[in-house]
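The values are calculated or read from the model by the stated rules, or taken from the named source; none is laboratory data. The structure presented is a predicted model; accordingly, all values stated were derived computationally and were not measured. Cβ coordinates were reconstructed from backbone atoms using ideal geometry, including for glycine residues, and neighbour counts include every protein chain displayed. Heavy atoms of the whole protein, side chains included, go into the accessibility calculation; ligands, DNA and RNA do not. Shrake-Rupley method; radii C 1.70, N 1.55, O 1.52, S 1.80 Å.
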Amino acid sequence: MAVLGNTARLAVRGGASLRLGREWRLAYLLNLPVVLVIVGLIAYPLGYAAWLSLQDVKIGGQGTFVGLANYARLLFDGSARIHSQFWDAVRVTVLYTGGAMLGKFIIGMTAALILNARIKGRNFFRALLFLPWAIPAIVSAYSWKWIYNDINGVLNTLLQQLGFIDRPILFLADPDIAICALLAAVIWQGTPFWTMTFLAGLAAIPSEMYEAAEIDGASTFRSFFAITLPNMAGVIVVTLMLSAIFTTNAIQFPYILTNGGPGNATTTFPLLALIQGLRTYDLGTASTITLIFFPVFGLMIYFLTRRMLRNEEV
C-alpha cells in the first residue's frame, strides 16, 4: 500500500511537472494570492449571502432556516409589503438603468464624434469633458444635491432670476421629476467613460473608408450608419454591458440625492437591499434581493468576458 501511495504521489508530481514545467511548485505558489483573493473577496461573501438568503435572520439575532421562503415572499406573496416594494424597485431600476444608458450613449457618441474631428482646442475640450469622470461619485452626488436645493440651489436661483419660474421647483421631492433629476446627475457623471471608449473605437476605423464613401457621394449621416456604427458594434456592446453593471449596482446617487424617495419613486434594488439590511436589520431579505439579480449579472459578465476574449484573439 505504501508503494502504491508513493507511486500515486510521484504520478501527480510528474503530471504537474509536465504541464507546468520544472518550476511547478513556484507556479502554484505564485497563484496562491489570486486564489486567496477570489475565495476571500468573492466566493466566501457570495456563499455566505446565499446562506443568509435561506434564513430568517436579523442583525445580532439567531437565524432560523426557512429555505426558499424569502424568495417566494419577494416574488409571489402579494400580501407582503416587501413584495410590492421589491417590484417597485425592479421597475425603478429598469427605468433608471435604461434612461442612463440611453442618455450616456447619445451624449457620449455625439461628444466623441465632435472630439474626433479636427477642431481647434480639441485636446483642451477632451480634458474638460473627462473632468466629471475624474471626480469621485460621492462628491458629484453632493454637488448635484446642492444644485437641486430648493432654497439656495444654483438651478432654482438661476431659473428664478431669468424669470422662468415664480417659485422653487422641488427637483428631489416631486415624485414626477425626481427620477429625471437623478438621471441628469448620473448621465453627467458617467458620460465621459462612454466618450473615452467611443473615441478609442473611432480612432481604430481606417480613414480610407470615409474617403471612399465621400468619393461615392455618401453623406455624413449615411457614413455614420454604414461605416461608424458597424465598425464600433463591439465597442458599443462592451461599453453598454460594463456601464449597465456599474450603473445598476451603484447607490451613491440614489442614496445621497433622494434616499430612495419621495416614497419609493427612486428606490433601486441595491438601495432596497441596503434599507432592508441596515434599517430594518433583515439580513435574510436583504441577501435575497441581491441574489435574485445575480443570474442576470452573471450572464452579462459571461457574455462580456467572451466578447473581450474574442477581441483579444483577433
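Once the mean of 1/r is taken over each pair of separate Cα atoms and inverted, segment 197-287 shows a Kirkwood hydrodynamic radius of 16.6 Å. Under 5 Å between amide hydrogens, built in the peptide plane, is the criterion, and for GLN55 it picks out VAL66 among residues at least 5 positions away or on other chains. Computed per residue of the chain from DSSP H runs no shorter than four, each worth -39500 (n - 2.57), the mean residue ellipticity at 222 nm is -21500 deg cm²/dmol. Apply the Debye scattering formula to the chain, with a single equal point scatterer on each alpha-carbon and no solvent, then give log10 I(q)/I(0) at q = 0.10, 0.11, 0.13 Å⁻¹. Summing over Cα pairs of the chain leads to -0.81, -0.93, -1.11.
Where in the chain is the longest stretch that carries no chymotrypsin sites (Phe, Trp or Tyr not before Pro) classed as loop by DSSP and with at most 11 other Cβ atoms within 10 Å? Formally, the longest exposed-site-free interval is 165-314. Note on LYS58: aspartates and glutamates with a C-alpha under 12 Å away, same-chain residues under 8 apart excluded, are ASP282. Across the options PHE125, ALA141, GLY153, the greatest Cα extent toward the positive end of the charge dipole of segment 106-265 (unit charges at beta carbon of Lys, Arg, Asp, Glu) belongs to PHE125. Taking label points 7 Å from Cα along the Cα-to-Cβ direction, ILE205 and ILE38 give a separation of 3.8 nm.
The string of couplings for segment 95-100 from the Karplus curve (6.51, -1.76, 1.60, θ = phi - 60°) is 5, 5, 5, x, x, 5 Hz, one whole number per residue in order, with x for Gly and Pro.
Net length available on complete extension from PHE297 to GLN62 is 81.5 nm, with 0.36 nm assigned per residue and the Cα-Cα distance removed. Each of ALA178, MET209, GLN189 was placed along the dipole of segment 162-227 (beta-carbon charges, centred on the mean Cα), and the one lying farthest toward the positive end is ALA178.
Please work out whether segment 30-148 counts as rounded, prolate or oblate from its C-alpha gyration tensor, where a ≥ b ≥ c are the square roots of the eigenvalues and a/c under 1.5 means rounded, while otherwise a/b larger than b/c means prolate and anything else oblate? It is prolate, given that a/c is not under 1.5 and a/b is the larger ratio.
If R0 is 51 Å, the Cβ-Cβ spacing of PHE164 and ALA27 corresponds to a FRET efficiency of close to 0.15. Calculate, for ALA127 and ALA173, the FRET efficiency according to 1/(1 + (r/R0)^6) with r their C-beta to C-beta distance and R0 41 Å; round to the nearest 0.05. With a Förster radius of 41 Å, E is 0.70. Under a model in which nothing but the beta-carbon of Lys, Arg (+1) and Asp, Glu (-1) is charged, segment 40-196 shows a dipole of about 660 debye around its Cα centre. When the chain is treated as a GNM with alpha-carbon contacts under 10 Å, the residue of ASP77, ASP282, ASP166 showing the greatest mean-square fluctuation is ASP166.
Per residue, the accessible area of the chain comes to 61 Å², computed with a 1.4 Å probe over protein heavy atoms only.
Think of each Lys and Arg Cβ as +1 and each Asp and Glu Cβ as -1; about the Cα centre, that makes the dipole of the chain roughly 920 debye. Computed about the Cα centre, the dipole magnitude for segment 141-239 is approximately 280 debye when only Lys and Arg (+1) and Asp and Glu (-1) carry charge, each at its Cβ. Couplings 3J(HN,Hα) for segment 202-216, derived from phi with the Karplus relation 6.51 cos²θ - 1.76 cosθ + 1.60 (θ = phi - 60°), are 5, 5, 7, 7, x, 5, 4, 5, 5, 5, 5, 5, 5, 5, 6 Hz, where x marks Gly and Pro.
Using a probe radius of 1.4 angstrom, the carbon and sulfur fraction of the accessible surface of the chain is 68%. In the chain, a dipole from Cβ-located charges (positive for Lys and Arg, negative for Asp and Glu) runs towards its positive end, and of LEU257, TYR28, VAL296 it is TYR28 whose Cα lies farthest in that direction.
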